[in-house]
Amino acid sequence: MVMILLSIVFVVMRVLPGNPVLLRFEKTADPALVASFTHQLGLDKPVYVQYFEYLWQLLHGSFGLSMAGSFEPVGPQILSRFPATLELTIYAFIVAAIVGVLLGTFGAQRPGVADNSVKIFGVLIFAFPVFFLGMIFQLVFGIWLHLLPVSGRLSPGVTPTSFSLGTFHFETGILTLDSILSGNLTEFIDAVRHLVMPATALGLVISGFFVRMTRANMLETIRSDFVTAARARGLKERTIVYSYALRNALLPIITIMGLQFARLLAGAILTETEFNLLGVGSYLVDRITFLDYTAVQGTVVFLALLISSVGLIVDILYAYLDPRVRL
Amino acid sequence: MKTLQKTREKPQTVSVMAKLVSPLFGKGYGRALMLVGLGMTLFITVMSVLAPVISPYDPTQIGLGPPNDPPSAQFPMGTDQYGRDMLSRIIWGGRFILLVAVTAVVICLTIGLPIGLASAYAGGNVDRALALVMDSMYAFPGLVLAIMLISVFGVSIINDALAIAVVFIPSYFRVVRSQVLSIKEMPYVDAGKSAGAGTPAVLLRYIWPNVISSVIVIATVNFADSILTTAGLDFIGLGLQVNLPDWGIDLTYGRQALPLGVWWTIVFSGSMILMAALGFSLISEGYAERTNPKLR
């Protein structure tokens, strides 16, 4: 699966007619300059050589060479941006899961107006461009109410701290984690304040899908025999819903989480740009602005690998949680 | 025999039309959603088509009013940072985004559908290989795939539409394929075959009418997603020309004036994108609700 995805990316990048080097320059550019660029990037070799070189570069974590400046490998640059993306997606995911499960359960329990409003919320939030929601947040909470900082990961003057374990100094780059581990409370509060708006905007947009899935699964589970049996035994409705039905309704949601991770990343690209968080997504957008298309493609490959690995983890997790899959 | 064939054909065509239109009649939540959605999309379409007639000013005219002027009687939606009239820009701004969406959906329908139908009906190794490729593409975020394609081919309306179409073909393929796989095993399909129906007849007359509802659902979702993806591409700098009146571009550049408290540029352009995407989503949601009783 991963190989197929990587190969598709390769075919699109190198085999189809279309040339990132030509896109970078005006049509009137000196052909010698274009040729030297093409040569430096190794794009003038035969396609099959390029394919193996590309896989070789991936194995070494290089993800291709940047067209800007001195043809540096893209990989390390992406990795330095990754913690911010990870932090944003984790918190957004938590927001999405909480909103989704709560609203979904709520809707499934109360057919009628409440249920219909939950459904409409699901459709509405699904249609929201995440950066538009982010802008509204910035406008209301940042600019009008002055409650939260509008952009960045930390306020100027607050420096990220590393934490020590014995003689080693660690820095995960995930600011909320680093600051807690090193006991730097000011940094923690500052980092959280910067994260609230982007994580909520992204989380809310993703939550639409969670709401729908939780609701559908809940409805199905509530109708199943074991719930009827629990009712017949005279258990309280609340116990039935939260400890019997919800637990079973959540299982399929884990699979969906795997699929939604892709949408979460796409949303993270836009959210990071909107809130000026220096993550992989805003790196991608930066490179687009500099017309550095080889770096753009390297980042795309990185995201492809990331999505495939998350998919694999979700599959394993699912097999662990649901014994039926292992049979 | 001849009369038999005729009686069999007639209800068939009726039922396909009925599938398209019938969810609009009767009562209920699904119908209300569909009507609201249709209303929104109709409003936006009419507005975009009539833009040259109804727009009060030239949307690209710089310095019509003072820059960043709040909504007033003269400029009901205010002006942007170049003093252009926002109302005119909003009226004109749907043209490209909708054009890209329509083109993308048409490309998807003409490529994704036949491949899905044929692949599932024929089965075998080709089908399995295609499904694998489509599944890997499906797992990939649409926006990122579109970014990659545009980074190779450059920005233009047709490239935008193609990139978005490539992103969505797998979902058409998957939906059509899974439906056909189950329908082709139905006894009535066997009955048709034994009555002498050839492959084209089986596909068109027996299988297609049962796939069409899911195709409508997926195409409307696709519309909404194309609009959001195009706006996303505008936002990250892969949009069309900067001076075109376009909701996505106005939203992107409008945020530069956000710290000054200029809310009208982003709120109006953003709401239009939201309304367009929401309109199509509502149609899809309502239609699914009406045609698939399991959702109720």
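Here is a yes/no grid of residues against (1) farther than 20 Å from A:Phe93 by Cα; (2) crowded, with 18+ Cβ neighbours inside 10 Å; (3) modelled with pLDDT under 85:
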residue	(1), (2), (3)
A:Leu124	no, no, no
A:Phe141	yes, no, no
A:Thr159	yes, no, yes
A:Thr167	yes, no, yes
A:Glu171	yes, no, yes
A:Gly183	yes, no, yes
A:His194	no, yes, no
A:Gly203	no, yes, no
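Within the set A:Thr299, A:Thr271, the sole residue that is more than 9 Å from chain B (Cβ to nearest Cβ) and either out of contact with any helix residue (DSSP H, G or I) (no Cβ under 7 Å at 6 or more places or on another chain) or part of a helix (DSSP H, G or I) (or both) turns out to be A:Thr271. Residues being part of a helix (DSSP H, G or I) and surrounded by fewer than 18 Cβ atoms within 10 Å (Cβ to Cβ) are represented in the stretch B:53-69 by at least one member.
Looking only at the stretch B:139-170, residues that are of a type outside the set (A, V, I, L, M) and more than 19 Å from A:Phe261 (Cα to Cα) come to 6 in all. For the stretch B:150-173, a residue qualifies if it is within 21 Å of B:Gly116 (Cβ to Cβ) and either out of contact with any Phe, Trp or Tyr (no Cβ under 6 Å at 6 or more places or on another chain) or within 9 Å of another protein chain (Cβ to nearest Cβ) (or both), and the qualifying residues are B:Ala161, B:Leu162, B:Ala163, B:Ile164, B:Ala165, B:Val166, B:Val167, B:Phe168, B:Ile169, B:Ser171, B:Tyr172, B:Phe173.
Of the listed requirements (1) hydroxyl-bearing (Ser, Thr, Tyr); (2) out of contact with any Pro (no Cβ under 9 Å at 6 or more places or on another chain); (3) surrounded by fewer than 24 Cβ atoms within 10 Å (Cβ to Cβ), B:Thr291 misses just one: (2). Annotation: of all residues in the stretch A:126-156 being assigned to a helix (DSSP H, G or I) and more than 10 Å from chain B (Cβ to nearest Cβ), the one that is farthest from the chain's Cα centre (by Cα) is A:Phe141. Just to be sure, is B:Ser88 of a type in the set (Ser, Thr, Tyr), touching a Pro at 6+ places or on another chain (Cβ under 9 Å) and modelled with pLDDT of 85 or more? So B:Ser88 fits the description; yes. Applying the set (1) under 30 Å from A:Arg215 (Cβ atoms); (2) surrounded by 23 or more Cβ atoms within 10 Å (Cβ to Cβ); (3) at the interface with chain A (Cβ under 9 Å from one of its Cβ atoms) to B:Gly248 leaves exactly one unmet item: (1). Among the residues making up the stretch B:174-188, those that are hydrophobic (A, V, I, L, M, F, W, C) and surrounded by 18 or more Cβ atoms within 10 Å (Cβ to Cβ) are B:Val175, B:Val176, B:Val180, B:Ile183. Per the listing B:Leu278, B:Leu282, B:Leu274, the residue uniquely free of Cβ contacts under 8 Å to residues at least 40 places away in the same chain, under 24 Å from B:Tyr29 (Cβ atoms) and either within 20 Å of the chain's Cα centre (by Cα) or not in a helix (DSSP H, G or I) (or both) is B:Leu274.
The values are calculated or read from the model by the stated rules, or taken from the named source; none is laboratory data. Given the structure is predicted, the values throughout are model-derived calculations rather than measurements. Here the Cβ is made from the backbone with ideal geometry for all residues, glycine too, and neighbour counts use every protein chain on show.
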